Protein chains: 2
Amino acid sequence: MTTPLHPLVEPLRALLGQWRGVGHGVYPTVDAFDYVEQVSFGHAGKPVLVYSQRTEDAATGEPRHGESGFWKVADDGRLEVVIAHANGVTEITEGSVVAGHIALRSTVIGLTSTAKQVLGVNRTFDVDGDELRYSLDMAAVAQEMQRHLTATLHRVG
Amino acid sequence: MTTPLHPLVEPLRALLGQWRGVGHGVYPTVDAFDYVEQVSFGHAGKPVLVYSQRTEDAATGEPRHGESGFWKVADDGRLEVVIAHANGVTEITEGSVVAGHIALRSTVIGLTSTAKQVLGVNRTFDVDGDELRYSLDMAAVAQEMQRHLTATLHRVG
């Protein structure tokens, strides 16, 4: 039996499932890089989606980044996302979802003692059927907010 | 083929696997409650453990809390943990692991616009073979730091 989706997260229904694709990363402090990414959005009937993501080096297949968290729609329709990153960063972003376009801006970034100095992130997601495109802008390590990641994923489950 | 555990997280090896058990919650602002909990610690060969947890109401089986994140051992042996909570909280705790006893104190708490006002958490974990006991103290909603959760889990995988 499939658990019904909670009505509050109905605006996020298009995200549900497993996604896989290729992304590209740039930043002034690192060499450009390509990665293979897997993303999962699920739910357990509560008004929140369960999110996880991991990437591998596109050339070597070695594990790279990982993150996990929860996506919620508040009573007033605002989107609230909490994410923990494998590299010692916690991220809270808030924003909106309108007709398959999601825009999020960070409101709180937490860092462990040894984490990279991330100051802020802005994310966009565009869902069009079985295609999910995203971008992530980041301000970190004394660099102003700028494009860091772009990826195009396809539904695989 | 099993991926070898990264040497830096060797002190956390005893946590690896699937755990299940029963917990009890108290707080001045809520009725005492019992819950069934499932916890997973895994890894992908990187110097970090992948953590997730979810609970159900012990009486009704309804989903309650969920959290996920990553556990890392820094080069100097300190433990750094980043966790995102389904209720809109992000948590960074740091501490130590000594002979199966883990002690963590929060250094950064993040809250979404609609999250409960959590101010800080202290956690302990004790691993003894196939038994995992933990406690969580919390300062929140104008209450001082005090015991909130205790649970005893057993290895199921």
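Some notes on this structure:
- Evaluated at q = 0.25 Å⁻¹: base-10 log I(q)/I(0), Debye formula over Cα of segment B:29-124: -1.39
- Long-range HN-HN contacts of B:ARG64 with modeled amide H, under 5 Å: B:THR55, B:GLU56, B:ASP57
- If you take the Cα centroid of segment B:133-157 and the Cα centroid of segment A:1-51, the two points sit 29 Å apart.
- Assigned charges on the beta-carbon of Lys, Arg, Asp, Glu; chain A dipole about Cα centre (debye): 260
- Charge dipole (debye, nearest 20) of segment A:1-58; +1 at Cβ of Lys and Arg, -1 at Cβ of Asp and Glu: 400
- Each Lys and Arg contributes +1 and each Asp and Glu -1, all at the Cβ; summed about the Cα centre of the protein assembly as shown, the dipole is approximately 40 debye.
- B:ALA59/A:SER96 FRET efficiency (R0 35 Å; Cβ-Cβ; nearest 0.05): 0.40
- Calculated from backbone phi, Karplus (6.51, -1.76, 1.60) coupling profile of segment A:90-98 in Hz, x at Gly/Pro: 10, 9, 10, 10, 9, x, 9, 10, 9
- From phi via Karplus (6.51, -1.76, 1.60), per-residue ³J(HN,Hα) for segment A:142-152 in Hz, x at Gly/Pro: 6, 9, 6, 4, 7, 4, 10, 9, 9, 8, 10
- Modelled spin-label separation between A:THR150 and B:VAL156, with each label point placed 7 Å from Cα along the Cα-to-Cβ direction: 4.5 nm.
- Ordering B:TYR27, B:HIS43, B:GLY100 by Cα displacement along the dipole of segment B:1-114 toward the positive end leaves B:HIS43 in first place; charges were set at the Cβ atoms of Lys, Arg (+1) and Asp, Glu (-1).
- With 0.36 nm allotted per residue and the present C-alpha distance subtracted, the B:ASP128-B:ASP76 stretch has 16.3 nm of extension available.
- In this simple spin-label model, placing a label point 7 Å from the Cα along the Cα-to-Cβ direction at both B:SER113 and B:LEU5 gives a separation of 4.4 nm.
- Packing-based ranking, highest mean first, of B:45-51, A:79-85 given that Cβ atoms within 10 Å are counted: A:79-85, B:45-51
- Debye equation applied to the C-alpha atoms of the protein assembly as shown, log10 I(q)/I(0) at 0.07, 0.08, 0.16 Å⁻¹: -0.27, -0.35, -1.55
- At a threshold of 50 Å², the residues of segment B:104-127 that become less accessible to a 1.4 Å probe in the full protein assembly than in their chain on its own are B:THR112, B:THR114.
- Positive-pole candidate from A:ALA58, A:HIS154, A:ILE109, dipole of chain A, charges at beta carbon: A:ILE109
- Per the accessible-area calculation with a 1.4 Å probe, the total area buried between chain B and chain A rounds to 2200 Å².
- B:GLN143 versus A:ARG20: modelled label distance in nm, points set 7 Å from Cα along the beta carbon direction: 4.6
- Accessible surface area normalised per residue over the protein assembly as shown is 46 Å², counting heavy atoms of protein chains with a 1.4 Å rolling probe.
- Partners of A:LYS116 within straight-line reach, counting lysines whose Cα lies under 29 Å from its Cα and excluding those fewer than 8 residues away in the same chain: A:LYS72, B:LYS46, B:LYS72, B:LYS116.
- Debye intensity ratio in log₁₀ form over the Cα atoms of segment B:37-92, taken at each q of 0.13, 0.26, 0.27, 0.28 Å⁻¹: -0.39, -1.03, -1.06, -1.09
- Peptides ranked, highest mean first, by Cβ atoms within 10 Å: ranges B:113-123, A:65-75: A:65-75, B:113-123
- Taking every residue in A:64-73 and counting other chain Cβ atoms within 10 Å of its Cβ, the average works out to 5.
- Difference of contour (0.36 nm per residue) and Cα-Cα distance, A:ALA44 to A:VAL30: 1.2 nm
The values are calculated or read from the model by the stated rules, or taken from the named source; none is laboratory data. Just so it is clear, the structure is predicted and the values come from calculations on it, not from any experiment. Virtual Cβ from ideal backbone geometry, glycine too; neighbours counted across all protein chains shown. Areas reflect the complete protein model, heavy atoms only, side chains present, ligands, DNA and RNA absent. Shrake-Rupley method; radii C 1.70, N 1.55, O 1.52, S 1.80 Å.
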